[in-house]
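Notes to accompany the following structure.
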Amino acid sequence: MIGQGDIALGFSPQQRQRLAEIGLDDAALADTFDSAEERDARYEGNHRELSQANVDRLDSLRTERRRPVLRTVESVLVAALVADGFVEVATPLMMSKGALAKMGIGEVHPLWRQVYWVDTDRCLRPMLAPNLYYLLSHLQRLWPPPVSIFEVGPCFRKESKGSNHLSEFTMLNLVEFEPSGDPADRLRMLADVAMRPLGLQYKIVETDSGVYGATFDVEVRGIEVASGVVGPHPLDEQWGVNGPWAGWGFGLERLAMMQTGGSRIHPVGRSLVYLDGARLNVQGTRPGSHPVAEE
Ligand code: ATP
Ligand code: MG
């Protein structure tokens, strides 16, 4: 029986927020109840179970000598790429306005509004591609083809969107210059090099990007985890790069979220309130531990 005018009774906003923080999935969050007593009892039960699950996950970092999933995703991808002949590079986090301009990102570009500026000429990099382009412009004449490089590291974008976006995230950008064979085939193969060791089912869909135009996305459960492009591309000329190539940019937090089966990205990202997907303000089992404040 549903009470008063048959309006479905769900969790209160505070209950919903707390249960979401500690990992209740969207379907369960939308549950409805016949009475406030039933709802509150469900809240208590869910809260107890999920708090314990968070405590257990935190404990397992020590007992199983585990690294956070974001880090293991990175290690797995790095190992797979190095085994495939890729060379890892590390470039600066601060990027010049000129480098963005060479990607076609100027004041009227939608991505411009998402850039964090450090001073008038430098920003925190919103992407890795400009730096990889720059390195390629040298390596294309130093190394015989194929020239295969990748970088993994932080990128920064002002984001207002919900549960799949962070303002600091980790990108893995790989590019193979002058692959043997068709670059579009190689692009597909490289998606597999990265995705297979993670054990995630994925599909590749054709789409469109504000920077490159026609692109491909790798999707897991309908969520974009990577975007890829094949060259030659009109932007290459700016960088003095001349030849076919295939490249992917993977979002490692998105992959980590998929690996943990979660539907929110914040718990697996860089955080002070979560560690490896587990909320820190939960009640621990250490004797004498103090109750925690719920934020
Ligand atoms: P979206 O359309 O989901 O906003 P995007 O197409 O703007 O992403 P790309 O520029 O293609 O993103 O970046 C490559 C990958 O980096 C994305 O496929 C995604 O996995 C990841 N990524 C991009 N922006 C973010 C973000 N703000 N937070 C977390 N991951 C991100
Ligand atoms: Mg994309």
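The values are calculated or read from the model by the stated rules, or taken from the named source; none is laboratory data. Every value quoted in this text rests on a predicted model; they were computed, and no experiment measured them. Ideal geometry is used to build each Cβ from the backbone, glycine not excepted, and the neighbour counts take in all protein chains shown.
Assorted remarks:
- Residue match in the range 180-196 (condition: under 12 Å from the mean Cα position of the chain (by Cα), over 20 Å from residue 77 (Cα atoms) and not hydroxyl-bearing (Ser, Thr, Tyr)): no
- Residues of the range 92-126 that turn out to be under 18 Å from residue 154 (Cα atoms), in a loop (DSSP other than H, G, I, E, B) and in contact with a strand residue (DSSP E or B) (Cβ under 9 Å, 6 or more places away or on another chain), as a count: 5
- Scanning the range 82-126 for residues that are loosely packed, with under 13 Cβ neighbours inside 10 Å and among the aromatic types (Phe, Trp, Tyr) gives a single hit, 117.
- Filter pass, residue 230 being within 30 Å of residue 107 (Cβ to Cβ), away from ligand 1 (no atom under 13 Å from the Cβ) and surrounded by 13 or more Cβ atoms within 10 Å (Cβ to Cβ): yes
- Taking every residue in the range 203-228 that is without any contact (Cβ under 8 Å) to a residue 40 or more places away in the chain and under 22 Å from residue 163 (Cα atoms) and pairing it with any residue that is of a type in the set (Phe, Trp, Tyr) and within 9 Å of ligand 1 (Cβ to nearest atom), at least 6 positions away or on another chain, the pairs with Cβ-Cβ distances below 7 Å are 225/250; 226/248; 226/250.
- Taken as a whole, the structure leaves residue 150 outside the set of residues that are closer than 20 Å to residue 103 by Cα, hydrophobic (A, V, I, L, M, F, W, C) and within 12 Å of the chain's Cα centre (by Cα).
- Here no helices (runs of 4 or more DSSP H) wholly within the range 9-91 include at least 3 residues being free of Cβ contacts under 8 Å to residues at least 24 places away in the same chain, hydroxyl-bearing (Ser, Thr, Tyr) and touching a Phe, Trp or Tyr at 6+ places or on another chain (Cβ under 6 Å).
- Any hit, the range 246-255, residues being within 24 Å of residue 83 (Cβ to Cβ), more than 16 Å from ligand 1 (Cβ to nearest atom), assigned to a strand (DSSP E or B) and of a type outside the set (D, E, K, R): no
- Some residue of the range 66-81 being farther than 30 Å from residue 156 by Cα and surrounded by 15 or more Cβ atoms within 10 Å (Cβ to Cβ): no
- Condition check for residue 94: within 16 Å of ligand 1 (Cβ to nearest atom) and in contact with a Leu (Cβ under 7 Å, 6 or more places away or on another chain): no
- Some residue of the range 261-274 being in contact (Cβ under 8 Å) with a residue 40 or more places away in the chain, of a type outside the set (A, V, I, L, M, F, W, C), out of contact with any Pro (no Cβ under 6 Å at 6 or more places or on another chain) and more than 16 Å from ligand 1 (Cβ to nearest atom): no
- Boolean, residue 253 is at pLDDT 95 or above, charged (D, E, K, R), surrounded by fewer than 20 Cβ atoms within 10 Å (Cβ to Cβ) and on the phi < 0 side of the Ramachandran plot: no
- Residue within the range 265-276 that is within 15 Å of ligand 2 (Cβ to nearest atom), under 30 Å from residue 107 (Cβ atoms), modelled with pLDDT under 95 and β-branched (Val, Ile, Thr) present: no
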